1. In whole angstrom, note down how far apart the Cα centers of the stretch 80-99 and the stretch 10-30 are.
2. Could you work out the local net charge near Asp21, counting Lys and Arg as +1, Asp and Glu as -1, over the other residues with Cβ closer than 11 Å to its Cβ?
3. Please work out how much length the chain gains when fully extended from Val24 to Leu60, using 0.36 nm per residue of separation minus the C-alpha to C-alpha distance, in nm with one decimal.
4. All other residues with a Cβ under 13 Å from the Cβ of Phe57 taken together, and with Lys, Arg as +1 and Asp, Glu as -1, what is their net charge?
5. Only residues of the stretch 64-99 count here: report those whose backbone N is under 14 Å from the spot 7 Å along Cα→Cβ of Ile13, or say none.
6. Using a 7 Å offset from the Cα along the Cα-to-Cβ direction at both Lys83 and Leu68, what is the distance between the two label points in nm, to one decimal?
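Computed from the coordinates by the stated procedures, all read-outs in this text should not be read as laboratory data. Everything numeric here is computed off the predicted structure, so don't read it as measured data. Using ideal geometry, Cβ is built from the backbone for each residue, glycine included, and neighbour counts are taken over all protein chains shown.
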Amino acid sequence: MADTYNIESKVVIREFDEDRDVKVVGKLERNCEIGTTKKGLSIFTNIMSDPLSRIRFYPLRIMLVAELVESSELVGVVRGCIKSVQTSSGSLFKMGCIL
């Protein structure tokens, strides 16, 4: 019988806590840079020490972090928002985005 991996006992998904997670999320994103140039610029380093910068001004937003249970190390981040969008025909609808 194959061993099963129970992710639920290893990782906790919780809401971002600005008081304790800002520095750690910044470090995590710098470690995951994609598309860096010789100048060291990428989509991830342009948060200017504010992990919520990409979603801060949306009325409906959330940022979640994945944390290892044993070591309390952050291993993932997801940002989401809901915004109103108008089509070229004038229709207005809500759109959800995961960043």
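1. The stretch 80-99 and the stretch 10-30 have Cα centres spaced 27 Å from each other.
2. Within the 11 Å Cβ shell, the charges total -1.
3. 10.6 nm
4. +4
5. From the stretch 64-99, the list is 64-68, 75-81, 98-99.
6. 3.5
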